[in-house]
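The values are calculated or read from the model by the stated rules, or taken from the named source; none is laboratory data. Just so it is clear, the structure is predicted and the values come from calculations on it, not from any experiment. Here the Cβ positions follow ideal geometry from the backbone for every residue, glycine too, while neighbour counts run over all protein chains shown. With ligands, DNA and RNA removed, areas are computed over all heavy atoms of the protein, side chains included. Shrake-Rupley method; radii C 1.70, N 1.55, O 1.52, S 1.80 Å.
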Amino acid sequence: MKILTRIFVVLVVFCGRAAVAQPAADAIDAHLIAARNAAGFDFAGTLARLCIAPPRVTGVRDVAPGPAPARETWFAEPAKVFDNLYFVGSKIHSSWALTSSEGIILIDTLFTYNSEEEIVGGLKKLGLDPAKIKYVIITHAHGDHVGGAKLLQDKFGSRVVMGGPDWDLIERSVNAYPLGKPKRDIVADDGQKIKLGDATVTIVTTPGHTPGTLSMIFTVKDKGKPLTVAYSGGTAFNFPSTVPNFDTYINSQRKMAAAAAAANATVLMSNHSEFDGAISKIKMLAGRKPGEPHPFEVGADAVARYFKVSEECADVARLKLK
Ligand SMILES: [Zn+2]
(Lines give C-alpha, C1' and ligand atoms only; values in the text may rest on other atoms or scores of the structure.)
Protein backbone atom coordinates (compact mmCIF):
# COMPACT_ATOMS: atom_id res chain seq x y z
CA MET A 1 0.00 0.00 0.00
CA LYS A 2 2.76 2.32 1.02
CA ILE A 3 4.62 1.55 -2.24
CA LEU A 4 1.51 2.19 -4.32
CA THR A 5 1.02 5.59 -2.65
CA ARG A 6 4.63 6.44 -3.36
CA ILE A 7 4.27 5.49 -7.03
CA PHE A 8 1.12 7.60 -7.20
CA VAL A 9 2.93 10.63 -5.67
CA VAL A 10 5.85 10.20 -8.08
CA LEU A 11 3.44 9.94 -11.01
CA VAL A 12 1.58 13.08 -9.94
CA VAL A 13 4.83 15.03 -9.55
CA PHE A 14 6.18 13.69 -12.86
CA CYS A 15 3.00 14.46 -14.79
CA GLY A 16 2.80 17.90 -13.21
CA ARG A 17 6.34 18.69 -14.40
CA ALA A 18 5.69 17.26 -17.82
CA ALA A 19 2.60 19.46 -18.12
CA VAL A 20 4.77 22.54 -17.54
CA ALA A 21 7.69 21.44 -19.73
CA GLN A 22 5.60 20.11 -22.61
CA PRO A 23 4.22 23.38 -24.07
CA ALA A 24 7.77 24.84 -24.39
CA ALA A 25 9.06 21.64 -26.02
CA ASP A 26 6.01 21.58 -28.33
CA ALA A 27 6.60 25.21 -29.30
CA ILE A 28 10.27 24.54 -30.06
CA ASP A 29 9.30 21.53 -32.18
CA ALA A 30 6.68 23.55 -34.03
CA HIS A 31 9.25 26.22 -34.93
CA LEU A 32 11.77 23.55 -35.97
CA ILE A 33 9.23 21.89 -38.26
CA ALA A 34 8.23 25.27 -39.71
CA ALA A 35 11.92 26.09 -40.36
CA ARG A 36 12.49 22.70 -42.02
CA ASN A 37 9.43 23.09 -44.24
CA ALA A 38 10.46 26.62 -45.21
CA ALA A 39 14.01 25.54 -46.04
CA GLY A 40 13.07 22.61 -48.29
CA PHE A 41 15.96 21.78 -50.58
CA ASP A 42 16.67 25.46 -51.31
CA PHE A 43 18.15 26.60 -48.01
CA ALA A 44 19.58 23.52 -46.31
CA GLY A 45 22.80 25.38 -45.50
CA THR A 46 20.94 28.14 -43.68
CA LEU A 47 18.82 25.59 -41.82
CA ALA A 48 21.89 23.58 -40.78
CA ARG A 49 23.75 26.64 -39.53
CA LEU A 50 20.87 28.27 -37.66
CA CYS A 51 18.65 25.45 -36.44
CA ILE A 52 21.05 22.61 -35.68
CA ALA A 53 22.58 23.39 -32.29
CA PRO A 54 23.82 26.96 -32.85
CA PRO A 55 26.37 27.82 -30.15
CA ARG A 56 25.35 29.93 -27.16
CA VAL A 57 27.33 33.18 -27.29
CA THR A 58 28.23 35.04 -24.12
CA GLY A 59 29.96 38.10 -25.55
CA VAL A 60 31.53 39.67 -28.62
CA ARG A 61 35.33 39.46 -28.64
CA ASP A 62 37.54 42.17 -30.12
CA VAL A 63 40.40 40.04 -31.40
CA ALA A 64 43.17 40.54 -33.94
CA PRO A 65 42.70 38.64 -37.22
CA GLY A 66 44.63 35.38 -37.42
CA PRO A 67 47.15 34.55 -40.15
CA ALA A 68 45.77 34.28 -43.69
CA PRO A 69 44.71 30.70 -44.51
CA ALA A 70 46.13 28.88 -47.53
CA ARG A 71 45.00 30.43 -50.81
CA GLU A 72 43.48 27.20 -52.14
CA THR A 73 41.01 27.18 -49.21
CA TRP A 74 39.41 30.48 -50.31
CA PHE A 75 40.32 31.47 -53.85
CA ALA A 76 37.46 31.56 -56.36
CA GLU A 77 37.48 32.86 -59.92
CA PRO A 78 35.38 35.96 -60.61
CA ALA A 79 32.27 35.59 -62.77
CA LYS A 80 29.67 37.59 -64.62
CA VAL A 81 26.37 36.48 -63.09
CA PHE A 82 23.82 38.96 -64.46
CA ASP A 83 24.09 41.60 -67.20
CA ASN A 84 25.01 44.15 -64.52
CA LEU A 85 26.18 42.03 -61.54
CA TYR A 86 29.59 40.40 -61.18
CA PHE A 87 30.84 38.01 -58.50
CA VAL A 88 34.25 38.96 -57.10
CA GLY A 89 34.01 36.89 -53.92
CA SER A 90 35.78 33.88 -52.46
CA LYS A 91 34.66 30.26 -52.03
CA ILE A 92 33.09 31.19 -48.69
CA HIS A 93 32.26 34.90 -48.77
CA SER A 94 30.60 36.98 -51.46
CA SER A 95 31.49 40.37 -52.86
CA TRP A 96 29.35 41.72 -55.70
CA ALA A 97 29.95 44.47 -58.23
CA LEU A 98 26.76 46.14 -59.45
CA THR A 99 27.63 48.07 -62.59
CA SER A 100 25.88 51.22 -63.76
CA SER A 101 26.20 53.92 -66.39
CA GLU A 102 28.30 55.96 -63.90
CA GLY A 103 30.51 53.31 -62.31
CA ILE A 104 30.35 50.45 -59.81
CA ILE A 105 28.54 49.90 -56.50
CA LEU A 106 30.43 47.19 -54.62
CA ILE A 107 28.63 45.13 -51.97
CA ASP A 108 30.87 43.70 -49.22
CA THR A 109 34.65 43.42 -49.33
CA LEU A 110 35.79 40.03 -47.90
CA PHE A 111 38.86 39.82 -45.63
CA THR A 112 41.86 42.14 -45.69
CA TYR A 113 44.06 39.27 -46.90
CA ASN A 114 42.00 38.39 -49.99
CA SER A 115 40.19 41.59 -50.98
CA GLU A 116 42.93 42.92 -53.24
CA GLU A 117 43.28 39.72 -55.26
CA GLU A 118 39.58 38.80 -55.43
CA ILE A 119 38.03 42.27 -55.83
CA VAL A 120 40.64 44.46 -57.53
CA GLY A 121 42.16 41.53 -59.44
CA GLY A 122 38.76 39.96 -60.15
CA LEU A 123 37.31 43.15 -61.66
CA LYS A 124 40.35 43.51 -63.90
CA LYS A 125 40.03 39.87 -65.05
CA LEU A 126 36.40 40.60 -65.95
CA GLY A 127 37.42 43.65 -67.95
CA LEU A 128 36.08 46.15 -65.38
CA ASP A 129 38.01 49.07 -63.91
CA PRO A 130 38.26 48.92 -60.09
CA ALA A 131 38.95 52.68 -60.05
CA LYS A 132 35.27 53.06 -61.03
CA ILE A 133 34.07 51.70 -57.65
CA LYS A 134 32.16 54.79 -56.45
CA TYR A 135 30.32 53.23 -53.52
CA VAL A 136 31.16 50.34 -51.23
CA ILE A 137 28.24 49.09 -49.14
CA ILE A 138 29.31 47.07 -46.10
CA THR A 139 26.55 44.87 -44.71
CA HIS A 140 28.20 44.72 -41.30
CA ALA A 141 31.51 45.35 -39.59
CA HIS A 142 32.84 41.81 -39.28
CA GLY A 143 36.29 41.03 -40.64
CA ASP A 144 34.97 38.77 -43.42
CA HIS A 145 32.96 41.61 -45.02
CA VAL A 146 34.68 44.87 -44.07
CA GLY A 147 38.26 43.70 -44.72
CA GLY A 148 38.74 45.51 -48.05
CA ALA A 149 36.91 48.76 -47.20
CA LYS A 150 40.05 50.65 -46.21
CA LEU A 151 41.90 49.49 -49.34
CA LEU A 152 39.12 50.73 -51.66
CA GLN A 153 38.74 53.96 -49.71
CA ASP A 154 42.50 54.66 -49.83
CA LYS A 155 43.19 53.44 -53.37
CA PHE A 156 40.16 54.64 -55.33
CA GLY A 157 38.47 57.18 -53.04
CA SER A 158 35.34 54.98 -52.99
CA ARG A 159 32.60 56.20 -50.64
CA VAL A 160 31.94 53.63 -47.89
CA VAL A 161 28.35 53.10 -46.68
CA MET A 162 27.74 51.34 -43.36
CA GLY A 163 25.22 51.29 -40.50
CA GLY A 164 25.95 53.84 -37.76
CA PRO A 165 26.26 51.27 -34.93
CA ASP A 166 28.79 49.31 -37.02
CA TRP A 167 30.88 52.44 -37.70
CA ASP A 168 30.88 52.75 -33.89
CA LEU A 169 32.05 49.12 -33.55
CA ILE A 170 35.01 49.86 -35.82
CA GLU A 171 35.91 53.02 -33.94
CA ARG A 172 35.72 51.28 -30.55
CA SER A 173 37.79 48.28 -31.69
CA VAL A 174 41.30 48.07 -30.24
CA ASN A 175 42.56 44.84 -31.81
CA ALA A 176 40.62 43.98 -34.97
CA TYR A 177 42.31 46.41 -37.41
CA PRO A 178 46.09 46.07 -37.07
CA LEU A 179 46.56 47.43 -40.62
CA GLY A 180 44.27 50.43 -40.06
CA LYS A 181 40.55 51.14 -40.03
CA PRO A 182 38.34 52.54 -42.78
CA LYS A 183 37.45 56.16 -42.00
CA ARG A 184 33.83 56.87 -41.02
CA ASP A 185 32.02 57.94 -44.17
CA ILE A 186 28.34 57.54 -45.13
CA VAL A 187 26.06 56.42 -42.29
CA ALA A 188 23.22 54.41 -43.81
CA ASP A 189 19.59 55.12 -42.95
CA ASP A 190 16.63 52.82 -43.30
CA GLY A 191 15.07 53.32 -46.73
CA GLN A 192 18.08 55.28 -48.01
CA LYS A 193 18.71 54.96 -51.73
CA ILE A 194 22.29 54.72 -52.95
CA LYS A 195 22.06 55.93 -56.54
CA LEU A 196 24.72 55.77 -59.20
CA GLY A 197 23.80 56.40 -62.83
CA ASP A 198 21.00 53.98 -63.70
CA ALA A 199 21.50 51.79 -60.57
CA THR A 200 19.74 52.20 -57.23
CA VAL A 201 20.28 50.17 -54.06
CA THR A 202 17.64 50.60 -51.35
CA ILE A 203 18.92 50.05 -47.83
CA VAL A 204 16.85 48.08 -45.31
CA THR A 205 18.32 48.26 -41.80
CA THR A 206 18.17 44.78 -40.25
CA PRO A 207 19.84 44.90 -36.83
CA GLY A 208 20.45 41.55 -35.18
CA HIS A 209 23.57 39.85 -36.51
CA THR A 210 25.27 43.14 -35.57
CA PRO A 211 23.51 46.29 -34.31
CA GLY A 212 24.06 48.08 -37.64
CA THR A 213 23.49 45.25 -40.14
CA LEU A 214 22.27 46.43 -43.55
CA SER A 215 20.24 44.40 -46.03
CA MET A 216 19.20 45.74 -49.40
CA ILE A 217 16.97 45.59 -52.44
CA PHE A 218 18.21 46.24 -55.97
CA THR A 219 17.54 45.32 -59.59
CA VAL A 220 19.64 43.12 -61.85
CA LYS A 221 19.09 42.21 -65.46
CA ASP A 222 19.13 38.69 -66.88
CA LYS A 223 19.58 39.00 -70.65
CA GLY A 224 17.69 42.27 -70.45
CA LYS A 225 14.93 41.00 -68.12
CA PRO A 226 14.84 42.98 -64.85
CA LEU A 227 14.77 40.92 -61.64
CA THR A 228 14.63 42.19 -58.06
CA VAL A 229 17.21 40.97 -55.56
CA ALA A 230 16.69 40.70 -51.81
CA TYR A 231 20.17 40.75 -50.27
CA SER A 232 20.39 39.57 -46.67
CA GLY A 233 23.20 41.30 -44.80
CA GLY A 234 23.65 39.22 -41.64
CA THR A 235 22.52 35.71 -40.81
CA ALA A 236 24.33 33.71 -38.11
CA PHE A 237 23.53 33.98 -34.40
CA ASN A 238 27.02 35.08 -33.31
CA PHE A 239 25.69 37.93 -31.20
CA PRO A 240 25.27 37.59 -27.40
CA SER A 241 22.50 35.02 -26.85
CA THR A 242 19.81 37.05 -25.07
CA VAL A 243 16.04 37.22 -25.54
CA PRO A 244 16.09 40.95 -26.51
CA ASN A 245 18.83 40.28 -29.11
CA PHE A 246 16.79 37.44 -30.64
CA ASP A 247 13.67 39.68 -30.61
CA THR A 248 15.62 42.31 -32.58
CA TYR A 249 16.88 39.65 -35.01
CA ILE A 250 13.39 38.15 -35.50
CA ASN A 251 11.85 41.58 -36.16
CA SER A 252 14.51 42.24 -38.80
CA GLN A 253 13.78 38.95 -40.60
CA ARG A 254 10.09 39.88 -40.74
CA LYS A 255 10.95 43.41 -41.88
CA MET A 256 13.19 42.15 -44.68
CA ALA A 257 10.63 39.53 -45.75
CA ALA A 258 8.03 42.32 -46.02
CA ALA A 259 10.42 44.57 -47.98
CA ALA A 260 11.28 41.69 -50.34
CA ALA A 261 7.58 40.89 -50.89
CA ALA A 262 6.70 44.55 -51.48
CA ALA A 263 9.44 44.78 -54.12
CA ASN A 264 8.45 41.40 -55.62
CA ALA A 265 11.99 40.08 -55.17
CA THR A 266 12.55 36.75 -56.92
CA VAL A 267 16.31 36.52 -56.32
CA LEU A 268 17.76 35.83 -52.87
CA MET A 269 21.36 36.66 -52.10
CA SER A 270 23.45 36.60 -48.97
CA ASN A 271 27.09 37.35 -48.24
CA HIS A 272 28.02 33.72 -47.48
CA SER A 273 27.75 30.91 -50.06
CA GLU A 274 26.69 28.68 -47.20
CA PHE A 275 23.37 30.54 -47.09
CA ASP A 276 22.55 31.31 -50.74
CA GLY A 277 24.54 28.63 -52.58
CA ALA A 278 26.33 31.31 -54.63
CA ILE A 279 29.31 29.17 -55.64
CA SER A 280 27.15 26.21 -56.76
CA LYS A 281 24.77 28.53 -58.61
CA ILE A 282 27.63 30.21 -60.44
CA LYS A 283 28.81 26.72 -61.54
CA MET A 284 25.27 25.88 -62.69
CA LEU A 285 25.13 29.13 -64.64
CA ALA A 286 28.04 27.99 -66.79
CA GLY A 287 25.94 25.01 -67.98
CA ARG A 288 22.68 26.94 -68.41
CA LYS A 289 20.82 26.10 -71.61
CA PRO A 290 18.79 28.66 -73.58
CA GLY A 291 15.34 29.10 -72.05
CA GLU A 292 16.34 27.68 -68.65
CA PRO A 293 15.74 29.93 -65.63
CA HIS A 294 18.68 31.72 -64.06
CA PRO A 295 19.93 29.62 -61.09
CA PHE A 296 19.64 32.64 -58.79
CA GLU A 297 16.01 33.29 -59.78
CA VAL A 298 14.31 31.20 -57.10
CA GLY A 299 10.94 33.01 -57.12
CA ALA A 300 9.08 35.19 -54.62
CA ASP A 301 7.86 32.18 -52.62
CA ALA A 302 11.40 30.89 -52.04
CA VAL A 303 12.59 34.38 -51.08
CA ALA A 304 9.82 34.51 -48.45
CA ARG A 305 10.76 31.02 -47.23
CA TYR A 306 14.39 32.07 -46.78
CA PHE A 307 13.45 34.71 -44.23
CA LYS A 308 11.05 32.24 -42.61
CA VAL A 309 13.97 29.85 -42.00
CA SER A 310 16.02 32.51 -40.21
CA GLU A 311 12.98 33.73 -38.25
CA GLU A 312 11.85 30.25 -37.14
CA CYS A 313 15.36 29.13 -36.18
CA ALA A 314 15.74 32.31 -34.12
CA ASP A 315 12.44 31.45 -32.41
CA VAL A 316 13.89 28.02 -31.52
CA ALA A 317 17.10 29.53 -30.10
CA ARG A 318 15.12 32.19 -28.20
CA LEU A 319 12.78 29.63 -26.61
CA LYS A 320 15.73 27.47 -25.56
CA LEU A 321 17.10 30.41 -23.56
CA LYS A 322 14.00 30.49 -21.38
ZN1 LIG B 1 29.17 38.57 -39.60
*With every protein chain present, what is the per residue accessible area of region 184-322 (1.4 Å probe, Å²)?*
40 Å²
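Quick one: of the DSSP bridges fully inside the chain, what percent are antiparallel, nearest 5?
On the way: 29 of 43 bridges.
Counting DSSP beta bridges with both partners in the chain, the antiparallel share is about 65 percent.
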_With every protein chain kept in place and ligands, DNA and RNA left out, what is the accessible area per residue of region 28-67? Probe 1.4 Å, answer in Å²._
67 Å²
*Over the chain: helical MRE at 222 nm, DSSP H runs n ≥ 4 each giving -39500 (n - 2.57), nearest 500*: -12500 deg cm²/dmol
*How do the peptides 155-168, 132-145 rank, highest first, by the average count of neighbouring beta carbon atoms within 10 Å per residue?*
132-145, 155-168
*Surface share of carbon and sulfur [accessible, 1.4 angstrom probe, percent] for the chain*: 59 percent
*So for the pair Arg172, Ala30, with labels modelled 7 Å out along Cα→Cβ, what separation do we get in nm?*
3.6 nm
*Where Lys and Arg each count +1 and Asp and Glu each count -1, what net charge lies around Leu32 among other residues with Cβ under 11 Å from its Cβ?*
-2
*asked:* So if I take the centroid of the Cα atoms in region 44-71 and the same for region 115-135, what is the distance between those two points in Å?
replied: 28 Å
_Of Pro54, Ile33, Gly66, farthest towards positive along the dipole that unit charges on Lys, Arg, Asp, Glu beta carbons give region 26-68_ = Gly66
_Under 11 Å, Cβ to Cβ, from Leu196 - net charge with Lys/Arg +1 and Asp/Glu -1_ = +3
*Near Lys183, which lysines are there with a Cα under 25 Å away, not counting those fewer than 8 places off in the same chain?*
Lys132, Lys134, Lys150, Lys155, Lys193, Lys195
